[in-house]
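Asker: My questions will all concern the structure given below.
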Amino acid sequence: MSTRAPRNWAAIGGFLCGLGGVVAYFALVLIHDPRLGWLIHTPVLNLLLVAAGLLLSVLGAIQAFQGKRGGKFSAPALAVLTFALSGFLGWHLFVASYHLPPAMRAPAVGAVAPDFELNDERGVPVRLSSFRGRNLVLLFYRGFW
Amino acid sequence: MVVDPVEQNAKVVQKLHLSFPILADTERRVLDVYDLRDDAGSPDGAIARPATFVIDREGIVRWRNLTDNYRLRPSPDDVLAAVVALGTR
């Protein structure tokens, strides 16, 4: 038998990068510091970390297959784990987080639209009920934050 | 209707040559009444979830769209069809 192959740092590092990126994202969400809001909305650092993790873990698996590095079984396993972790983060960021909870108390079809008064773009108060007698489209949009 | 301040809305109306008013709900009062708060919507706090109501002459909601995915909005054609359905009398 040949001597033991050198430790597969790429596989280990890749997994740790991926895990770190995912755990750090949810830590950010839990901390919920307003100053870090932009990092939750555009988690570039986490995505970079996860991308590095994916790259490294693939590299680690290839090196293990080639026999240059150890971990013939553990390196691919770590790579699969890293992919699963990043897949979960990706699903959360790009699918689940677009989802809005049901608006149970929103005015239903057939109900009277609750009246209100707000300033228009000239600062002039406008009352919803002042549109009685006319059909009306009332649209809520997210704005330019 | 938007949570942005009046000054911002003035810019939008001017830039897009809008013929309808934009109302400023900076205190999120109407958002609460209409249950349309998206608390995690922006880095700076609650904004509106996209929502469209077609309201008839008596002030009754005749059509609405509260998307459950903020990337999916009703098409202008759907809104227009709902308005046309109210008739022009």
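Asker: Just for segment A:40-67: of the residues that are surrounded by fewer than 17 Cβ atoms within 10 Å (Cβ to Cβ) and over 19 Å from residue A:8 (Cβ atoms), which one is modelled with the lowest pLDDT?
Answerer: Going through the qualifying residues, I end up with A:41.
Asker: Would you say residue A:75 is within 30 Å of residue B:25 (Cα to Cα) and either within 14 Å of chain B (Cβ to nearest Cβ) or surrounded by 15 or more Cβ atoms within 10 Å (Cβ to Cβ) (or both)?
Answerer: The answer is no for residue A:75.
Asker: May I ask you to list the residues in segment A:25-39 that are crowded, with 16+ Cβ neighbours inside 10 Å and not aromatic (Phe, Trp, Tyr)?
Answerer: A:28, A:37, A:39
Asker: Next up: Scan segment A:1-58 residue by residue and report those that are assigned to a loop (DSSP other than H, G, I, E, B) and either over 14 Å from the mean Cα position of the chain (by Cα) or without any contact (Cβ under 8 Å) to a residue 40 or more places away in the chain (or both).
Answerer: Within segment A:1-58, A:1, A:2, A:3, A:4, A:5, A:6, A:7, A:8, A:32, A:33, A:42 qualify.
Asker: Can you pull out the residues in segment B:24-44 that are more than 7 Å from chain A (Cβ to nearest Cβ) and touching a Pro at 6+ places or on another chain (Cβ under 8 Å)?
Answerer: Selection gives B:26 alone.
Asker: On to the next question. Collect the residues in segment A:77-89 that are in contact (Cβ under 8 Å) with a residue 24 or more places away in the chain and of a type outside the set (S, T, N, Q), keeping them in residue-number order.
Answerer: Passing the criteria: A:78, A:79, A:81, A:83, A:85, A:88, A:89.
Asker: Restricting to strands (runs of 3 or more DSSP E) lying wholly in chain B: which have 1 or more residues that are touching a strand residue (DSSP E or B) at 6+ places or on another chain (Cβ under 7 Å) and under 26 Å from residue A:39 (Cβ atoms)?
Answerer: B:37-42, B:45-48
Asker: Counting just the residues of segment A:88-108 that are among the hydrophobic types (A, V, I, L, M, F, W, C), surrounded by fewer than 12 Cβ atoms within 10 Å (Cβ to Cβ) and assigned to a loop (DSSP other than H, G, I, E, B), which one comes out farthest from the other protein chains (Cβ to nearest Cβ)?
Answerer: My answer is A:95.
Asker: If I ask for residues that are within 7 Å of chain B (Cβ to nearest Cβ) and either under 38 Å from the mean Cα position of the chain (by Cα) or not in a strand (DSSP E or B) (or both), which ones from segment A:123-139 would you list?
Answerer: Residues satisfying the conditions are A:123, A:129, A:132, A:133, A:134, A:135, A:136, A:137, A:138, A:139.
For every residue, the table says whether it meets (1) of a type in the set (Val, Ile, Thr); (2) without any contact (Cβ under 8 Å) to a residue 24 or more places away in the chain; (3) more than 7 Å from chain A (Cβ to nearest Cβ); (4) crowded, with 16+ Cβ neighbours inside 10 Å.
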residue: B:15; (1), (2), (3), (4): no, yes, yes, no
residue: B:22; (1), (2), (3), (4): yes, yes, no, yes
residue: B:47; (1), (2), (3), (4): yes, no, no, yes
residue: B:61; (1), (2), (3), (4): yes, yes, no, yes
residue: B:70; (1), (2), (3), (4): no, no, no, yes
residue: B:80; (1), (2), (3), (4): no, yes, yes, no
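The values are calculated or read from the model by the stated rules, or taken from the named source; none is laboratory data. Since the model is a prediction, treat every value here as computed from it, not as a measurement. Heads up, the Cβs are rebuilt from the backbone with ideal geometry, glycines too, and the neighbour counts pull from every protein chain shown.
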